[in-house]
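What follows is one structure encoded as structure tokens, with my remarks underneath.
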Amino acid sequence: MHTIENDHQTLFWKHRWVAEQPLAEVANQPASKETQDRTIAEYWQSGSGWRWGAFEGLLPTDMLNHSGIQDEIFWGKASSDLFSFKTELEILEDECPATADRKWKIVWRLKAPQKMKAFIWLILHRAILSNETRVRRGFAANPNCFNCPDSVEDTNHILRGCSIAHDI
């Protein structure tokens with residue numbers, strides 16, 4: 001499921017943001033080519049809410065029953081409706097099959113706490129926010145370690161090369 005923090009990026013018909021499948025898959029009829037790539041923001045009127053008329057005939061009536069039902073927060077893939085990194089990975093694999101490499105699934109089968117599995121996954125994806133990564137993304141000017149000024153701080157340095165890492 002998409003978490004909607006910027007409704008200008010989530011596609012109304014193509015992304016899974018309100019149901020377990022994209023709205024295009026539950027629609028009574030396909031959205032026109034002009035509207036297929038519209039974002040949630042394009043169906044929302046600030047101050048008054050949804051532009052119901054824009055999609056009223058396209059979606060099943062039970063989905064359009066907007067008679068004061070409160071929003072509910074849930075995690076679509078998990079049977080418990082609670083977030084887990086495993087279900088997030090499953091969602092990513094569904095949306096982007098290139099991430100479905102079997103070696104990453106080994107991480108989620110480990111008998112370890114969830115936070116350890118998430119940390120290992122970040123390491124394997126080289127996603128630890130090191131100074132080297134910060135420089136590459138334009139967040140910092142110096143890629144060197146704060147504790148070892150002559151060494152570039154990358155994931156290997158953080159985990160093995162830094163003198164502080166040795167003490168831990």
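Of all residues in region 140-150, those satisfying the criterion of being surrounded by fewer than 16 Cβ atoms within 10 Å (Cβ to Cβ) and closer than 26 Å to Met116 by Cβ are Phe146, Asn147, Cys148. Contact map, region 142-168: residues that are in a loop (DSSP other than H, G, I, E, B) paired with residues that are of a type in the set (Phe, Trp, Tyr), Cβ distance under 8 Å, separation 6+ or inter-chain. Pairs shown: Glu153/Phe146. The set of residues in region 9-34 being assigned to a loop (DSSP other than H, G, I, E, B) and in contact with a Pro (Cβ under 7 Å, 6 or more places away or on another chain) consists of Trp13, Lys14, His15, Arg16, Asn28.
Read-outs: derived from the displayed coordinates by stated rules, not from any lab. On a predicted model such as this, the values are computed, not experimentally measured, just so you know. Positions of Cβ are backbone-derived with ideal geometry, glycine not excepted, and every protein chain shown enters the neighbour counts.
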